1. Examine region 203-216 for a residue that is in contact with a strand residue (DSSP E or B) (Cβ under 8 Å, 6 or more places away or on another chain) and surrounded by fewer than 15 Cβ atoms within 10 Å (Cβ to Cβ), and state whether such a residue exists.
2. Of everything in region 125-143 that's buried (at least 17 other Cβ atoms within 10 Å of the Cβ) and part of a loop (DSSP other than H, G, I, E, B), which residue is nearest to the chain's Cα centre (by Cα)?
3. Which residues, counting only those in region 173-187, are crowded, with 21+ Cβ neighbours inside 10 Å and either in contact with a Cys (Cβ under 9 Å, 6 or more places away or on another chain) or assigned to a loop (DSSP other than H, G, I, E, B) (or both)?
4. A159 passes all but one of (1) of a type outside the set (S, T, Y); (2) touching an Asp or Glu at 6+ places or on another chain (Cβ under 9 Å); (3) not in a loop (DSSP other than H, G, I, E, B); which number fails?
5. Counting only residues that are surrounded by 17 or more Cβ atoms within 10 Å (Cβ to Cβ) and not charged (D, E, K, R), how many does region 236-269 have?
6. Restricted to region 64-101, and to residues that are β-branched (V, I, T) and either in a loop (DSSP other than H, G, I, E, B) or touching a Leu at 6+ places or on another chain (Cβ under 8 Å) (or both), which residue is surrounded by the most Cβ atoms within 10 Å (Cβ to Cβ)?
Amino acid sequence: MSRRKFLAGASAGLLCAAAQLRAAPPSSRRICGFEKPLQFLDDSDLATTMAMLGFNGIEATVRKAGRVLPKDVEDGLPRLRDALAKRGLEITIIATDINDAAEPHAEPVLRTAAKLGIRRYRMGWYQYDLAKPILPQLDVIAAKLPALVDLTRELGMTALYHTHSGRDRVGAPIWDIYGLIKNFAPRTIGIGFDIQHATIEGGLSWPIQFKLIQSHLAAVYVKDFVWDKGNVKDVPLGEGQVDRKFFPMLREMAFTGPICLHIEYLEGKKNQDALETAFGKDLVTLRSLLSS
């Protein structure tokens, strides 16, 4: 499809987002978009949308209830890769449920991804049982990691542990997941540092946490929030609590890994115009923050 034909049939949201992007400061950063909110689009429409918005690639869900189900990975993932490649996009990261090399779908999913040239996968998350002591639970997780790291290394991939907030999430306080992976090579397993979740958990101390994990920083996740009567409320990037000082820190450390933009403030809504506008608007904001 030519650009002219595409624009003639494009939604109002996509046209608005494309206009916003043309006004954005240029950026050499490669930015991918988390496609979860757009799972109702087929692969071709997803690729067209993300290309017109100006993304370099996507973080693709290859997990339970994802765009590509683990049992269908050998057919579904190449099909998605091909649809994106036609628009000049890549699968930058696959988001998986994988935490253990012994899981039934772990090896098929990762081997298929590696054959397609996909070099990064997001792990699932570990959970604490708060009725039990914490440190022994970390010992159990530590015992599982070497086999997963060995498989990841064999395939030439990098595992990412995405830091989330939450009362029972391993990685929420940052020091725990860093302690688990710090002795492995960062090219094999690293941290996907989420500035929103780090701010929720760290408040004013998030710079300490960020400095702690820099040796193993493998990806950056970006979104924003405000506090609403003690609860987290997702908002457009730049309109919430996330400190703009984070982005100059990325520049200062010369981080060259992927930056992944998440849109969660329209969670569950299948309004294509609204989602396209949100992705476009937040991408403009992100590029401005990275350039200023």
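1. no
2. W125
3. I174, the sole residue that qualifies.
4. The number of the failed condition is (2).
5. Of the residues in region 236-269, 15 are surrounded by 17 or more Cβ atoms within 10 Å (Cβ to Cβ) and not charged (D, E, K, R).
6. The selected residue is I94.
Any read-out appearing in this document is the output of simple, stated calculations on the displayed coordinates, not a laboratory observation. On a predicted model such as this, the values are computed, not experimentally measured, just so you know. Every residue, glycine among them, receives a Cβ derived from its backbone with ideal geometry; neighbour counts consider all protein chains shown.
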